[in-house]
Each structure stands twice: as C-alpha cells, then as structure tokens.
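For reference, the structure discussed in these notes is given below.
The values are calculated or read from the model by the stated rules, or taken from the named source; none is laboratory data. The structure displayed is predicted, hence computed values, not measured ones. All Cβ positions, even for glycine, are placed from backbone atoms using ideal geometry, and neighbour counts span all protein chains on display. Side chains included, ligands, DNA and RNA excluded: accessible areas come from the protein's heavy atoms. Shrake-Rupley method; radii C 1.70, N 1.55, O 1.52, S 1.80 Å.
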Amino acid sequence: MNTLVIVIHPDIENSAINKRWIAVLNKYPEKFYVHQLHKVYPDEKIDVSAEQKLIEAYDKIVFQFPFYWFNCPPFFKKWLDEVLTYGWAYGSGSGYKVSNKKIALAISVGIDEKEYGQAGKYNYSLAQLTAPFELTFEYIKADYRPFFAYYGIELNASEEWIEKSVPKYLDFLNAL
C-alpha cells in the first residue's frame with residue numbers, strides 16, 4: 001500500500017529541502033501520497049473527519065516537517081490535538097483506528113548532528129527531543145518507527161548537499 005506523507009511546513013515555498021523532498025515524492029504517486037496541511041488548511045481549520053478518513057486509508061504514515069526551536073511546527077501539534085480524538089485514536093468504543101499502522105517522522109534539522117547529545121552544544125539528542133511523539137503514537141497503539149533526520153541545513157544549503165538527502169529519504173520511506 002502507498003505511504004501517506006503529511007507535510008507540515010509553514011513556508012514551503014521558501015523551503016529548500018522540504019520542497020525538494022515533496023517534488024521527488026510527487027514523481028511516485030503510485031507509492032506516495034503527499035498531503036500538505038498548510039495548503040489544504042491555510043486558515044488552520046482542520047476537517048477532523050476528513051483527516052481521520054485519510055489516516056484510515058493508509059498503513060504507513062510519515063509526518064515530514066522542519067525541526068526548529070527544538071520542536072515541530074505548531075500546526076502539527078494542533079493536528080495531533082484535534083485529529084487524535086477519544087473514541088477514534090484511543091479509548092473505548094471503536095477507538096484505536098491507528099493501531100498497528102507504521103508511523104514515522106521525517107525531519108529536516110538546521111543544526112549539525114554533532115551539536116545534539118551530551119557531548120554537543122544542546123545536551124539532548126534528537127531522539128530525546130522527539131520522545132513526546134514516540135509516546136503519543138505508542139499511546140494510540142501505532143507502530144512507531146525510528147525517525148529520519150537530515151541535519152545541517154543552516155550550515156550547508158547548497159543544491160548538491162540537498163540532493164544528497166533525496167536518496168537517503170527515499171531509502172527511509174521504502175524501508176518502512
């Protein structure tokens with residue numbers, strides 16, 4: 001089955017790497033369905049029912065976003081709060097509609113990888129900083145997979161450097 005890639009980027013037109021990833025994914029519509037939240041909901045008013053139906057239609061879901069201020073874009077948090085409802089994503093009744101679906105994060109990171117972790121400038125690893133996502137998806141019984149991260153966009157935004165990310169990202173998605 002195809003992979004649903006939910007892109008959460010507040011300024012995709014000025015993105016270097018996320019915009020490139022979307023362009024590549026769109027070349028393979030038989031494998032990837034790209035759903036750009038900011039384009040679908042420019043007013044950030046989420047159609048919860050439509051989002052839930054979309055999630056139900058896929059067994060593999062990837063959330064693609066830039067990592068800044070050591071977190072996700074705020075619209076992703078809003079999406080989680082509104083879409084993962086009691087009785088659908090968890091709880092009694094017909095809950096746990098996301099159970100056993102493979103879910104992963106694909107993150108573009110501005111800072112170099114060596115700056116994360118105890119030996120780095122920021123003291124925490126990206127795995128530690130993304131732990132709330134892991135807990136969220138475990139709570140709703142999804143099959144949370146290790147994330148994909150491409151580091152250093154602030155240091156090197158050359159076309160060549162961005163192109164190096166493309167096969168790595170595709171390999172990650174194909175291995176889910």
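Couple of notes before you dig in:
- In the set (1) touching a residue at least 12 places away in the same chain (Cβ under 8 Å); (2) surrounded by fewer than 14 Cβ atoms within 10 Å (Cβ to Cβ); (3) of a type in the set (Ser, Thr, Tyr), Ser158 fails one condition alone, (1).
- Flag for Asn100 being in contact with a Leu (Cβ under 8 Å, 6 or more places away or on another chain), surrounded by fewer than 19 Cβ atoms within 10 Å (Cβ to Cβ) and not hydrophobic (A, V, I, L, M, F, W, C): no
- Subset of segment 124-142 [open to solvent by less than 50 Å² (accessible area, probe 1.4 Å) and not in a helix (DSSP H, G or I)]: Ser125, Thr130, Ile140, Ala142
- Qualifying positions in segment 1-39 - in contact (Cβ under 8 Å) with a residue 24 or more places away in the chain, open to solvent by 40 Å² or more (accessible area, probe 1.4 Å) and among the aromatic types (Phe, Trp, Tyr): Tyr33
- Of everything listed in (1) open to solvent by 80 Å² or more (accessible area, probe 1.4 Å); (2) modelled with pLDDT of 95 or more; (3) among the basic types (Lys, Arg), the single unmet condition for Lys121 is (2).
- Restricting segment 143-155 to residues that are over 16 Å from the mean Cα position of the chain (by Cα) and open to solvent by 50 Å² or more (accessible area, probe 1.4 Å) leaves a set whose member that is farthest from Arg20 (Cα to Cα) is Leu155.
- Within segment 54-87, if we keep just the residues that are in a loop (DSSP other than H, G, I, E, B) and in contact (Cβ under 8 Å) with a residue 24 or more places away in the chain, the residue that is least open to solvent (accessible area, probe 1.4 Å) turns out to be Pro73.
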